[in-house]
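All remarks here apply to the structure that follows.
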Amino acid sequence: MIALAPLGRDQRARVDHIAVAPEQEPFCGSIAHHFALDEPECDFHIILRDARVVGFFKVDRAFAERYDFVAPDEIGLRGVMIDRAEQGRGTGKAAMRALGPYLATRYGAQTCVLTVNVVNPGARAAYLAGGFRDDGALYHGGQLGPQHILRLDLRQNTVA
């Protein structure tokens, strides 16, 4: 079973084993990189399969301050990593399906936004399978070329 949970900045040891293939790292970074950044507006989270940590992501509460295509009531999804040994098992898709309800209960945002490089179709497919939508807009300011801008509506995941 796939579950998501918060990760404290003092809990790096829980995710130190998470690594992606070398060719994937330019897109998502590394655990060491994310922990080294001074980004207090980013919250860390883990992806678990049957209580075993198999992935990592962060939520950027200041995404709208970084990018002009993000509205003030939107949060950003960054640094999504599924451990190399876990890839190909549907974990990324399952984690993205769980993301909407998870974020809706923790953040007051209307939408979650991410960018995914156009040369990374596998990641894009996982996000789309998880409920993100691609309205066709591209972000051209990325270091590795153009990126699709994807959005996940969190309002549909709130409990009335």
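Tabulated data for the structure shown
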{"item": "Scope the range 58-69; condition free of Cβ contacts under 8 Å to residues at least 60 places away in the same chain and surrounded by fewer than 22 Cβ atoms within 10 Å (Cβ to Cβ); matching residues", "result": "Lys58, Arg61, Ala62, Ala64, Glu65, Arg66, Asp68"}
{"item": "Strands (runs of 3 or more DSSP E) (entirely within the range 22-127) containing at least 2 residues that are within 25 Å of Pro146 (Cα to Cα)", "result": "52-60, 74-82, 111-117"}
{"item": "Some residue of the range 42-50 being surrounded by 15 or more Cβ atoms within 10 Å (Cβ to Cβ), charged (D, E, K, R) and at negative phi", "result": "yes"}
{"item": "Residue check, Ala137 farther than 16 Å from Pro26 by Cβ and part of a strand (DSSP E or B)", "result": "yes"}
{"item": "Single match in Gly76, Gly108 (criterion: exposed (fewer than 14 other Cβ atoms within 10 Å of the Cβ) and on the phi < 0 side of the Ramachandran plot)", "result": "Gly108"}
{"item": "The range 105-130, residues that are closer than 19 Å to Gly90 by Cα and touching a Gly at 6+ places or on another chain (Cβ under 6 Å)", "result": "Ala126"}
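Table: residues versus (1) on the phi > 0 side of the Ramachandran plot; (2) of a type in the set (Phe, Trp, Tyr); (3) without any contact (Cβ under 8 Å) to a residue 40 or more places away in the chain.
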residue	(1), (2), (3)
Asn117	no, no, no
Ala125	no, no, yes
Leu128	no, no, yes
Gly131	yes, no, yes
Ile149	no, no, no
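Every read-out reported here was derived from the displayed coordinates using simple, explicitly stated rules and does not represent laboratory data. Just so it is clear, the model here is predicted, and its values are computed rather than measured. Quick reminder, even Gly has a Cβ in these numbers, built from the backbone with ideal geometry, and neighbours come from all protein chains shown.
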